[in-house]
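Below is one structure, written out as structure tokens, with a few remarks after it.
Each reported figure results from applying straightforward, stated rules to the coordinates on display, with no laboratory input. Source: prediction; values computed, not measured. Backbone-built Cβ (ideal geometry, glycine too); neighbour counts: all protein chains shown.
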Amino acid sequence: MTLALDGTDRRILHLLQTDGKASIQEIAGQVALSTSPCWRRIKRMEEAGLITGYTARLNPKLLGLHALAYVFVTLMDHREDTIGAFNRLVQTEDRITECASVTGESDYILKIAAKDPEDLEHFLMRGILASGLVRASHTNFVLRRTKPTSPWPIL
């Protein structure tokens, strides 16, 4: 189900995606509303599940994470218990920053952050591959991030 949004809602969402720390007063001023109606609109979108939370974006290199890779994973089989176990494994690993079930030759694509290539290899060999759930994997290292984060298009 899609939530009905007008132009003001869309501007509010764009502003929140750009600066999640903006105050209600700042947002209200930029969308030509007073603070109470602006707050009510944001609250409605939060309660409907459109706005799912607020986070800070961090610089991975300043955290010592100098290797980023996309790992394509093919599971041993497609039984419900295998898929469930793999999904639970993914949820417990902080190094896996994103996971998506995909079409094509692989079953999943993982975005994994590590200190360096050796750290990534260690994580893959002793974590993901040692789980007994994965038949094959293919790793692509990220050389440079040209658009590391971007807001969702608000059409």
Which three lengths, in whole Å and largest first, does the chain cover when its Cα atoms are put on their principal axes? 56, 37, 24
Below 22 Å, Cα to Cα, which lysines can Lys147 reach? Residues fewer than 8 away in the same chain don't count. Lys21, Lys61, Lys111, Lys115
Dipole magnitude (debye, nearest 20) for the chain, charges at Cβ of Lys, Arg, Asp, Glu: 580
By how many degrees, between 0 and 90 and to the nearest 10, does the Cα long axis of helix 7-18 differ from the longest principal axis of the chain? 50
Once phi for every residue in region 89-105 is put through the Karplus expression 6.51 cos²θ - 1.76 cosθ + 1.60 (θ = phi - 60°), the whole-Hz ³J(HN,Hα) values, with Gly and Pro written as x, are 4, 4, 5, 8, 9, 5, 5, 7, 8, 8, 8, 9, 7, 10, 8, x, 6
Taking only C-alpha positions in region 1-47, Rg and Dmax in angstrom work out to 9.9, 30
